[in-house]
Amino acid sequence: SKDLTLEHLALKIGVSTLDLTEAYLEIEGGTSVDCDILLSQETTEILINEFNCLPVWLEQEEKVFRPPVVTIMGHVDHGKTTLLDCLRNSSICATEYGGITQSIGAFSVKASDGQNITFIDTPGHLAFSDMRARGAEITDIIVLVVCAVEGVQPQTVECIEHAKSWEVPIIVALNKVDLSAAEVERVEMQLLKVGLELDKFGGDVLHVPISAKKKINIEKLEEAILFKSELMELKDVRDVMARGYVLESRFLEGRGSLCSVIVKRGTLKVGDCIAAGGSYGTVKKLINENGKDIKSISLSEAAELIGLKSLPRSGDRFMAVHSLDKARSVAERKISERSRAAYYESKSKEVKVVIPSI
Ligand code: GTP
Ligand code: MG
């Protein structure tokens, strides 16, 4: 990747050299450029990102193991928040408004053997579709929470379909087994029927009966996650500029925009310039899940970030670049791409114009 020219890269991405050159000039500045110019690693990455492609690196640098990123999914009220709560030993559930998850949280947990796991919480409603579109890129494992009383529900099936289309493995947490109405075997059969080949029946889908409320088998669930992730050989490069995803964003009185981000590659540091979707800025603060200021986050780690000039969207990719100017051009291009897309979408809709007859 180090000896790419604009012409080569255009071929690889599948766009015209003209389009790529235009993007290059908008990002690097200037009015003309030679098609034979050798692109820097950073410019290559920015351009690949511009055309919504995912770069695959032929690594020179050493890859290190990274923690698995786990998304908890499941039908409404089956116990996702209670499980996350119990995993991080705090009490988010009690303080949440009306007990319904308001936002996406991510945090990291040290399992009993010292290994880290990053968990992402997902709200039960569907405002989450942007994120879901990125599911395969963000999450390594899905923990599907299924209430052992209610069994398989519409959103359970929907989650299984998402996981299958993303090719992300599922681990089933059969929750609320503390209740006398729990029917573990019946629900296991239901899961089998909707296509989950449970380990118990010779398949490779691990499942653990748990009680999130009574804290039964939580360590077993963590062990299952680590067992699965070891088989997946999750590794990436740590000492390069960060790339990752925005999980959620919001405005906070007096502090400007606040967003939670997760790093997939490299290390994100306070002071870095980043572009995130249509937004950009300098990382002013990184705050961990305990509200502490931290200097950096690395592979599979998440934090709240302060410093972006506007609100990125859930699921937006972010990338650190070498200057604020570059970050701004990348973001501005994203904004104009989006308004162009919206324009064509509105054009393609059938519009009925009523004309009064003469
Ligand atoms: P949404 O965010 O609204 O989709 O719900 P959720 O999946 O996050 O469920 P939540 O954790 O809010 O739990 C719903 C209800 O089930 C709460 O009243 C919990 O106390 C209860 N609950 C969760 N886990 C258990 C469990 O293991 N046993 C029992 N008995 N109740 C549980
Ligand atoms: Mg919840």
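Can you find a residue that is near ligand 1 (Cβ under 8 Å from one of its atoms), in a helix (DSSP H, G or I), among the aliphatic types (A, V, I, L, M) and modelled with pLDDT of 80 or more anywhere in the stretch 68-83? Yes, because at least one residue in the stretch 68-83 is near ligand 1 (Cβ under 8 Å from one of its atoms), in a helix (DSSP H, G or I), among the aliphatic types (A, V, I, L, M) and modelled with pLDDT of 80 or more. Going through (1) at pLDDT 95 or above; (2) touching a strand residue (DSSP E or B) at 6+ places or on another chain (Cβ under 6 Å) one by one, Ser180 falls short only on (2). Set side by side, the residues Lys164, Lys200, Lys176, Lys193 differ, and just one is among the basic types (Lys, Arg) and under 27 Å from Glu137 (Cα atoms), which is Lys164. Of the strands (runs of 3 or more DSSP E) lying entirely inside the stretch 131-211, those containing at least 2 residues that are in contact with a Lys or Arg (Cβ under 6 Å, 6 or more places away or on another chain) and within 16 Å of ligand 1 (Cβ to nearest atom) span 141-147.
Within the stretch 169-195, can you find the residues that are of a type outside the set (D, E, K, R), out of contact with any His (no Cβ under 8 Å at 6 or more places or on another chain) and touching a residue at least 12 places away in the same chain (Cβ under 8 Å)? Spell out the reasoning first.
Of the stretch 169-195, the ones of a type outside the set (D, E, K, R) are 169-175, 177, 179-182, 184, 187, 189-192, 194-195.
This time we only want the ones that are out of contact with any His (no Cβ under 8 Å at 6 or more places or on another chain), so: 169-170, 177, 179-182, 184, 187, 189-190, 192, 194-195.
Those that are of a type outside the set (D, E, K, R), out of contact with any His (no Cβ under 8 Å at 6 or more places or on another chain) and touching a residue at least 12 places away in the same chain (Cβ under 8 Å): Pro169, Ile170, Val177, Leu179, Ala181, Ala182, Val184, Val187, Gln190, Val194, Gly195.
Filter the stretch 190-214 down to residues that are surrounded by 13 or more Cβ atoms within 10 Å (Cβ to Cβ) and among the β-branched types (Val, Ile, Thr) and give me whichever is farthest from ligand 2 (Cβ to nearest atom). Checked the stretch 190-214; the qualifying residue farthest from ligand 2 (Cβ to nearest atom) is Val205. Here Lys264 passes the criteria (1) at pLDDT 95 or above; (2) among the charged types (D, E, K, R); (3) under 16 Å from the mean Cα position of the chain (by Cα) except the one numbered (1). Selection over the stretch 267-292 of residues that are modelled with pLDDT of 90 or more and either farther than 19 Å from Val330 by Cα or part of a strand (DSSP E or B) (or both) gives a count of 16.
In the condition set (1) out of contact with any helix residue (DSSP H, G or I) (no Cβ under 9 Å at 6 or more places or on another chain); (2) closer than 23 Å to Leu174 by Cα; (3) modelled with pLDDT of 80 or more, Gly114 is compliant with all but (2). If you filter the stretch 54-86 down to residues that are buried (at least 16 other Cβ atoms within 10 Å of the Cβ) and β-branched (Val, Ile, Thr), you find that the one that is nearest to ligand 2 (Cβ to nearest atom) is Thr81.
Just wondering, is there one or more residues in the stretch 316-325 that are closer than 21 Å to Glu253 by Cα and in a strand (DSSP E or B)? No, the stretch 316-325 has no match at all.
The values are calculated or read from the model by the stated rules, or taken from the named source; none is laboratory data. Bear in mind the structure is a predicted one, so any value in this text is a computation, not a measurement. Quick reminder, even Gly has a Cβ in these numbers, built from the backbone with ideal geometry, and neighbours come from all protein chains shown.
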